[in-house]
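Reading through the structure tokens given below for one structure.
The values are calculated or read from the model by the stated rules, or taken from the named source; none is laboratory data. This one's a predicted model, so the numbers in the text were calculated from it and none came from an experiment. When we count neighbours, we look across all protein chains shown, and the Cβ atoms used for this are built from the backbone with ideal geometry, even at glycine.
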Ligand code: NAP
């Protein structure tokens with residue numbers, strides 16, 4: 001009987017009735033948050049009232065990010081060093097976060113490296129493949145492993161994995177990156193099932209081309225063509241890091257509890273575009 005009642009219980013556990021947003025005081029960990037998309041996500045969460053832990057390989061940049069986010073938003077942010085690929089390093093960062101902020105309610109697995117095209121598989125260095133999988137895949141699992149037991153205790157948790165449009169639309173010569181980003185969808189779905197009865201949701205965001213400094217530097221160095229990326233994207237522009245942050249904030253919300261194991265594509269339509277040469281600005285003439 002009790003089980004039946006709990007299955008019919010459709011409340012989200014939100015505390016709006018007390019006039020407090022459901023984000024207030026909750027602890028969020030964002031990995032790779034010293035720069036780029038992670039930084040924008042951390043800033044959004046701090047502005048929304050979460051206590052934000054910025055986890056990054058680059059401790060100096062993470063400290064600077066925490067200080068600027070706290071100042072700009074008036075929220076709480078701390079920096080913690082961790083190499084997400086190394087479990088011991090993640091444990092040390094997690095211990096510090098829990099002792100200073102308390103148990104983690106929201107995890108955003110964002111840390112990653114944007115690999116360049118490396119040529120054919122024959123030329124793919126095995127250590128490059130291992131490194132990409134260690135950071136993107138093992139990194140996401142390391143952090144999920146650390147936070148889920150407290151989430152189960154609280155019967156609430158949100159895990160958001162940053163994958164890529166490349167998980168949907170593969171590109172040649174970036175085999176390790178495509179493999180890693182597709183693997184993140186596997187983690188998302190398997191973990192969503194493992195945690196579904198514990199108030200925990202696990203979802204993935206698939207960004208398209210997002211104008212982070214890392215990619216803008218590559219454009220400046222002539223490694224990628226900024227204009228052609230914008231042209232290939234149906235909405236005709238690059239995405240902004242804060243547009244990914246908005247999607248993360250939506251998935252983290254207590255009211256998003258029925259969304260789990262899903263992928264939220266935030267890519268200006270690029271992964272649904274069949275023919276990149278189709279003119280989206282003008283309809284074809286009736287005779288064509
Ligand atoms: P970014 O600006 O280069 O930021 C990535 C951050 O992750 C950096 O601060 C980096 O630190 C950190 N990091 C790298 N390896 C780490 C490790 N082992 N442990 C802890 N932190 C580590 O990249 P981004 O463009 O914001 O991308 C963020 C995520 O979105 C990545 O997972 C990426 O694959 C994904 N994504 C991005 C785009 C895009 O267009 N930008 C599109 C699709 C998906 P260091 O600077 O010290 O290396």
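Which fully enclosed helices (runs of 4 or more DSSP H) of the stretch 104-212 have 3 or more residues being under 14 Å from the mean Cα position of the chain (by Cα)? It would help to see each step written out before you state the result.
Details: elements: 126-133, 139-154, 175-195.
Those helices (runs of 4 or more DSSP H) span 139-154, 175-195.
Of the residues making up the stretch 165-174, just one is surrounded by 20 or more Cβ atoms within 10 Å (Cβ to Cβ) and at pLDDT below 95, namely 174. For residue 252, the conditions (1) closer than 21 Å to residue 114 by Cβ; (2) surrounded by 12 or more Cβ atoms within 10 Å (Cβ to Cβ) are fulfilled apart from (1). The combined condition, being surrounded by 20 or more Cβ atoms within 10 Å (Cβ to Cβ) and either free of Cβ contacts under 8 Å to residues at least 24 places away in the same chain or within 16 Å of residue 162 (Cα to Cα) (or both), is not fulfilled by residue 224. Return the pair list, or none, for Cβ contacts closer than 6 Å from residues in the stretch 32-54 that are on the phi > 0 side of the Ramachandran plot and outside any helix (DSSP H, G or I) to residues that are more than 9 Å from the ligand (Cβ to nearest atom) and modelled with pLDDT under 95, at least 6 apart or on different chains. Close Cβ pairs (under 6 Å, with a partner that is more than 9 Å from the ligand (Cβ to nearest atom) and modelled with pLDDT under 95) amount to 49/21; 49/23; 49/24. Restricting 267, 253 to those that are within 28 Å of residue 186 (Cβ to Cβ), in contact (Cβ under 8 Å) with a residue 24 or more places away in the chain and away from the ligand (no atom under 16 Å from the Cβ) reduces the list to 253. Looking for something under 20 Å from residue 39 (Cα atoms), within 12 Å of the ligand (Cβ to nearest atom) and crowded, with 21+ Cβ neighbours inside 10 Å - is there at least one such residue anywhere in the stretch 123-134? Looking through the stretch 123-134, none of the residues is under 20 Å from residue 39 (Cα atoms), within 12 Å of the ligand (Cβ to nearest atom) and crowded, with 21+ Cβ neighbours inside 10 Å. The residue that is farthest from residue 167 (Cα to Cα), counting only those in the stretch 182-217 that are within 13 Å of the ligand (Cβ to nearest atom) and free of Cβ contacts under 8 Å to residues at least 40 places away in the same chain, is 217.
If you go through the stretch 83-93 and keep only what is within 13 Å of the ligand (Cβ to nearest atom), in a helix (DSSP H, G or I) and in contact (Cβ under 8 Å) with a residue 24 or more places away in the chain, you end up with 87, 90, 93.
When restricted to residues that are within 23 Å of residue 248 (Cβ to Cβ), free of Cβ contacts under 8 Å to residues at least 60 places away in the same chain and touching a helix residue (DSSP H, G or I) at 6+ places or on another chain (Cβ under 7 Å), the stretch 95-124 contains 1. Checked against the criterion of being modelled with pLDDT under 95 and either within 16 Å of the ligand (Cβ to nearest atom) or within 21 Å of residue 93 (Cα to Cα) (or both), the candidates 38, 25 yield just one match: 25. Under the condition of being within 14 Å of the ligand (Cβ to nearest atom) and free of Cβ contacts under 8 Å to residues at least 40 places away in the same chain, the residues counted in the stretch 135-166 number 1.
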